[in-house]
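Each remark here refers to the structure printed beneath this line.
Read-outs: derived from the displayed coordinates by stated rules, not from any lab. Quick caveat: nothing in here was measured; it's all calculated off a predicted structure. Here the Cβ positions follow ideal geometry from the backbone for every residue, glycine too, while neighbour counts run over all protein chains shown.
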Amino acid sequence: AQSVAQPEDQVNVAEGNPLTVKCTYSVSGNPYLFWYVQYPNRGLQFLLKYITGDNLVKGSYGFEAEFNKSQTSFHLKKPSALVSDSALYFCAVRDLFTGGGNKLTFGTGTQLKVEL
Amino acid sequence: DAGVIQSPRHEVTEMGQEVTLRCKPISGHDYLFWYRQTMMRGLELLIYFNNNVPIDDSGMPEDRFSAKMPNASFSTLKIQPSEPRDSAVYFCASSGPRTSGGGLTDTQYFGPGTRLTVL
């Protein structure tokens, strides 16, 4: 079965500093990986995805993620954090073995807190 | 496009009552997903449909839960009878369609959710 792990329940960072939210994956075959963000009392919003190609994927709101096959990781990064980036972040992997559908398996989420 | 639409946004009911949650997916999408989110269990996939047909309902917690998709623009999730442990935020998401090259458009777009409280 395919899965993702987010080892940190919470990440704290000062505004203006770089941020990293970690994700590792376990898949059979080529991974299709995603990052979503959830602001309070809102649904999840798509940030970016890796299917193939360049290992550095750029997404919305200045976020990017680096795919590392040898470390089976897909960490989310941003060079300079904003207070408004404070939210819950989910990593997800597409499951290819349940009827070939678009099912995603989500991680447990990491709460990002950006402080002044 | 208005995005995925869910109703109601908030629902408060008493134990034993029937609850119906509604979802309108993004026009043209052929996959629809129902999720439940709680502090204890995080985000759980309950069921998903492809072209209005249920594909995987292994996440439906028990027979009290049922979901239907009578057409491409509407789906319901019903709980009967409801229990306090069903209190959660329920999300609907949609994705698709296949690209002209046959590949899948797999990004899921989520609705705002329905916050259900069962007293």
Selection count, the stretch B:27-84, where residues are of a type in the set (S, T, N, Q), closer than 19 Å to residue A:108 by Cα and either more than 14 Å from chain A (Cβ to nearest Cβ) or crowded, with 16+ Cβ neighbours inside 10 Å (or both) = 1
Hey, which of the strands (runs of 3 or more DSSP E) in the stretch B:1-41, taking only ones fully inside, have at least 3 residues that are of a type in the set (A, V, I, L, M, F, W, C) and closer than 13 Å to residue B:67 by Cα?
-> B:19-24, B:31-38
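This table checks each residue for (1) closer than 26 Å to residue B:88 by Cβ; (2) within 11 Å of chain B (Cβ to nearest Cβ); (3) in a strand (DSSP E or B).
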position: A:13; (1), (2), (3): no, no, yes
position: A:20; (1), (2), (3): no, no, yes
position: A:25; (1), (2), (3): no, no, yes
position: A:28; (1), (2), (3): no, no, no
position: A:31; (1), (2), (3): no, no, no
position: A:46; (1), (2), (3): yes, yes, yes
position: A:61; (1), (2), (3): no, no, no
Apart from one, (1) more than 14 Å from every other protein chain (Cβ to nearest Cβ); (2) more than 24 Å from residue A:107 (Cα to Cα); (3) exposed (fewer than 14 other Cβ atoms within 10 Å of the Cβ) all hold for residue B:10; the odd one out is (1)
